[in-house]
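What follows is a short report on a single structure.
The values are calculated or read from the model by the stated rules, or taken from the named source; none is laboratory data. Keep in mind it's a predicted model, so treat the numbers as computed, not measured. Counting neighbours? That spans all protein chains shown, and the Cβs are built from the backbone with ideal geometry, glycine included. What goes into the accessible areas is simple: the full protein's heavy atoms, side chains included, and nothing from ligands, DNA or RNA. Shrake-Rupley method; radii C 1.70, N 1.55, O 1.52, S 1.80 Å.
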Amino acid sequence: MVRELSHYVDGQRIDGTSGRFSDVYDPCTGEVQARLPLASADEVRDAVANAEKGQLEWAAMNPQRRGRILLKFVDLVNQNMDELAKLLSSEHGKTFADAKGDIQRGIEVVEFSAGAPHLLKGEFSDNAGQGIDVHSLRQPLGVVAGITPFNFPAMIPLWKSGPALAAGNAFILKPSERDPSVPLRLAELYSEAGVPNGVFNVINGDKEAVDALLEDPRVKAIGFVGSTPIAQYIYATAAAHGKRAQCFGGAKNHMVIMPDADLDMAADALIGAGYGSAGERCMAISVAVPVGQETADALVDKLTERVKHLKVGHSLDKDSDFGPVVAASAKERIEGYIQSGVDEGATLVTDGRGLTVDGYDGGFWVGPTLFDNVTKDMKIYKEEIFGPVLSVLRAADYDEALRLCSEHEFGNGVAIFTRDGDSARDFASRVEVGMVGINVPIPVPIAYYTFGGWKASGFGDLNQHGADAFRFYTKTKTVTSRWPSGIRQGASFIMPAGS
Ligand code: NAD
């Protein structure tokens, strides 16, 4: 049976009225499992009007009470973890255990955000001038929106909504059309936890809905995560409409393996970080850079042996290392990249094309693919593939490896595997990438640090979660005050200065 999905506005699920729909698939079977309404610009505007009303009540509540409601929400998500993870797997295709990780990393940011009373504290300067005090306030922006990608349908909506709500804003989420059911369930749980109606809303849709959010003057900030061309478009359009924007884009994450590294540890890390979630992670490692021929030969042997034993299967099968990719178009795109690697002369060590899984003929399967002898000029090196494809690019020495990571167009995450503290420290300090792992393959920072890539992986000047999120979702007001009992100077015609 095909489920009918909806939007979530004013504390309830509402049907779409635009007459436009898109299909939501089960990537394990290739069958349509739900029909999603795509909002018109008018539907978006109605949701914004509703959010504006809800925001006033929410902002008036003291931040500690808002924080308590968020902690209740975290409890509810935990109570419903299995149901949410199963739903997430069924639309995304990642394994059940990985889906739980997606939700868990999201609620960690909501937990952090419940500390809003501390995070929203302003500053105070006593006697900044004669009888004059100065203090600053952090106030909510009003209605803000998040536009999120398919690959983390729980984590990224929670990274955005947790801090935004804690700071007293109303939030409109425009999730990916591919896996919108978990965001809709999260909306219900926010309401159940006590978030007032209109404060957290889900508008499903495509470019029409996104453009309506970008153009609406009542929407004060846009948080985007997705591919780089769309991130650039959203950043430029939001700025042209006078909005704050933070837009995170695609990635091509390298892992440098030094000759002194523990090669088994490095190979295991590469297998997990390269193929986990079918490579559909913005922090996946897609390029291994072994330093020196000896390291490269040994590493490729170890990878080849491990790849042979990987199991691709149904996302609810406990033995599956990873599941299908999200869509038929994604499978086609990834297979096209594999062919281009072959055409451009890379060595195809294992070929993931043509994989079948018993009982699931229609699934969007791509097996683990390993390329050796990849070079800088190849398309499979330059572009983001976003699939289970790992490329080995051999570097002659450390300097070449460092240059490769720094000169790549993308700068999301990077890792170095070594036993040498000096190399690790030098690498972390000099590499032109936003998030660095030392013997850690997917260095996604914990909730109380910030997450953000450099170069074509991020547009805007503040990162996600951590203290930056509270800066992004608030505006600063600075109050300079003097009281009548203070010193009187009569009318003054010169610019007040600190001296
Ligand atoms: P996508 O860019 O196709 O879609 C992201 C969002 O933008 C979706 O909500 C989608 O509906 C909307 N969108 C798509 N086309 C649009 C258009 N023309 N105009 C307006 N809105 C549009 O990305 P995706 O395929 O859902 O996600 C995968 C991408 O996200 C990868 O590139 C991945 O690296 C990136 N990603 C980045 C991070 C990060 O933090 N840097 C995290 C996760 C994913």
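Values for this structure:
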read-out	value
Relative contact order of the chain, defined on C-alpha pairs under 8 angstrom at six or more residues apart (%)	18
Diffusion coefficient, µm² s⁻¹, Stokes-Einstein with Kirkwood Rh over alpha-carbon pairs of region 159-275 at 4 °C and 1.567 mPa s	77
Dipole in debye (nearest 20) - region 196-342, about Cα centre, beta carbon charges: Lys, Arg +1; Asp, Glu -1	660
Heavy-atom accessible area per residue - region 1-153, 1.4 Å, Å²	45
Aspartates and glutamates with Cα under 16 Å of Lys121, excluding same-chain neighbours fewer than 8 positions away	Asp468
Eligible aspartates and glutamates near Lys94 by straight Cα distance, threshold 13 Å, same-chain separation 8 or greater	Asp26, Asp102, Asp179, Glu280, Asp317, Asp319, Asp321
Under 20 Å between alpha carbons - lysine pairs in region 253-438 that sit 8 or more apart or on different chains	5
Over region 246-331, relative contact order from alpha-carbon pairs under 8 Å, at least 6 apart, %	29
Mean residue ellipticity (222 nm) of the chain, computed from DSSP H runs ≥ 4 via -39,500 (n - 2.57), nearest 500	-12000 deg cm²/dmol
Protein accessible area in region 253-438, 1.4 Å probe - carbon and sulfur %	46
Quotient of C-alpha Rg and 2.2 N^0.38 Å, computed over region 438-499	2.07
When region 234-357 is reduced to its Cα atoms, the Kirkwood hydrodynamic radius in Å	16.8
Distance between region 365-435 and region 247-313 - C-alpha centres, whole angstrom	10
Lysines with Cα under 22 Å of Lys243, excluding same-chain neighbours fewer than 8 positions away	Lys53, Lys160, Lys174, Lys207, Lys220, Lys455, Lys475, Lys477
Per-selection metrics, region 100-155 (Cα): Rg and Dmax in Å	18.2, 57
Solvent-free Debye scattering, log10 I(q)/I(0), computed from the Cα coordinates of the chain at q = 0.09, 0.11, 0.14 Å⁻¹	-0.65, -0.92, -1.34
Globularity ratio of region 349-422, using Cα Rg and 2.2 N^0.38 Å	1.41
Whole-angstrom gap from region 1-15 to region 137-186, using each part's C-alpha centre	17
Shape box of region 253-438 [Cα atoms, principal axes, largest first, Å]	52, 32, 29
